[in-house]
Structures are given as C-alpha cells and as structure tokens.
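The values are calculated or read from the model by the stated rules, or taken from the named source; none is laboratory data. Quick caveat: nothing in here was measured; it's all calculated off a predicted structure. Cβ atoms come from the backbone with ideal geometry, glycine included; neighbour counts cover every protein chain shown. Remember, those area values only see protein heavy atoms, side chains included, never the ligands or the DNA or RNA. Shrake-Rupley method; radii C 1.70, N 1.55, O 1.52, S 1.80 Å.
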Amino acid sequence: MIRPILKFGATTLQEPARDVGEITGEISRLIDDMIETMYAAPGIGLAAPQIGVPMRMFVVDLSLGHNIGELMTFINPVFVEREGMQLEEEGCLSVPGFNATVARPARAVLKGLDREGREQIVEGKELLARAFQHEMDHLDGMLFLDRVRGIKRDLIVKKIRKLTRSGKW
Ligand SMILES: [Zn+2]
C-alpha cells in the first residue's frame with residue numbers, strides 16, 4: 001500500500017525513532033509499504049518516520065527499482081565506520097521541490113538487520129554513503145535542512161511557511 005509521505009513540519013519527522021523489536025508480520029507489511037511508497041514517489045530512500053512510523057528502519061534503492069539486488073532494507077542500523085567528505089546537492093521526499101548542498105562523509109559502513117532478521121554489514125560510497133546518512137538522520141529526527149546552514153536554510157524554511165499558509169504544503 002502506498003502511504004502518504006509526511007512533510008517538513010510534521011512532528012514524527014522531528015523525533016528520534018525507537019528500535020524495532022521482533023520482526024513481526026506487521027513490521028514486514030510496513031516494509032512492503034515503505035518500498036511501494038518509495039518507488040511510487042519515486043525516491044532512492046525512505047525511512048519509516050516519513051510514513052508516520054517512529055521506528056528505526058529504512059529502505060534504499062539507488063536504481064529506483066530497475067536493478068534487482070540494489071534494494072536494501074535496514075532495521076536498527078548503526079554506523080560502523082564513516083570517513084572522508086563529499087559535498088553534493090541533496091533533496092528529500094519530505095521536503096519536495098527543494099535542494100541544498102550538504103556536506104557528508106564520503107564513505108559510510110552500516111550494520112543492521114535485513115528484513116529476515118539477519119545481520120548485514122554494507123559499505124556505502126559516494127551516493128550510497130549519502131543515502132545511508134540521510135536515512136540515518138531521519139531515524140534521529142533530523143532532515144537534510146538541519147545540516148544546511150545560514151541563508152540557504154532560512155530561505156527554504158520561509159518558502160515552506162508561505163506554502164503552508166496558502167495550503168499548498
Ligand atoms: Zn529524506
């Protein structure tokens with residue numbers, strides 16, 4: 001089922017998510033919904049808080065569903081390593097229509113469970129490292145906008161407030 005994606009301003013997006021306990025049928029269905037919602041958007045990643053579920057899990061697929069095997073599900077992920085620096089434009093399904101340059105480590109290794117509950121360790125470089133860190137931020141109640149400083153952030157927030165006032169957000 002495709003779920004509505006929460007936008008900037010929603011409280012669930014600003015709160016740290018909690019660990020997933022047992023991977024029940026309900027959790028499995030939630031993951032299916034996250035995948036379906038991500039592909040429909042379309043986006044390369046989606047975290048559970050973005051569909052209003054404050055739990056530590058996300059899905060990512062840089063191929064947007066075109067390459068079997070690129071879809072990954074992470075449950076209760078933690079960083080094992082992070083190094084280097086990259087500076088690229090970033091966007092978010094919860095902040096539609098806006099992009100900003102965000103500094104991120106160039107490489108990130110994540111450890112977490114897959115949807116079967118097996119431990120997985122995955123190394124991400126460049127865009128995948130960026131996606132991992134963007135989704136991990138969602139689990140901590142952060143948006144990429146929180147990593148944008150100064151006038152650029154103020155400008156985007158101002159525009160979103162205006163859209164909210166006119167009922168277009
Ligand atoms: Zn996002």
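Points to keep in mind about this one:
- Residue 62, sole failed condition from (1) closer than 21 Å to residue 111 by Cα; (2) within 12 Å of the ligand (Cβ to nearest atom); (3) not in a helix (DSSP H, G or I): (2)
- Selection within region 42-59 - among the aliphatic types (A, V, I, L, M), open to solvent by less than 30 Å² (accessible area, probe 1.4 Å) and more than 16 Å from residue 140 (Cβ to Cβ): 51, 59
- Any hit, region 78-98, residues being aliphatic (A, V, I, L, M), touching a strand residue (DSSP E or B) at 6+ places or on another chain (Cβ under 6 Å) and surrounded by 14 or more Cβ atoms within 10 Å (Cβ to Cβ): no
- Residue 27 closer than 23 Å to residue 111 by Cα, within 16 Å of the ligand (Cβ to nearest atom) and out of contact with any helix residue (DSSP H, G or I) (no Cβ under 9 Å at 6 or more places or on another chain): no
- The combined condition, being open to solvent by 10 Å² or more (accessible area, probe 1.4 Å) and farther than 24 Å from residue 152 by Cα, is fulfilled by residue 62.
- In region 144-169, the residues that are in a helix (DSSP H, G or I) form Cβ pairs under 9 Å with partners that are of a type in the set (Ser, Thr, Tyr) and open to solvent by less than 80 Å² (accessible area, probe 1.4 Å), at six or more places apart or across chains, as follows: 152/101.
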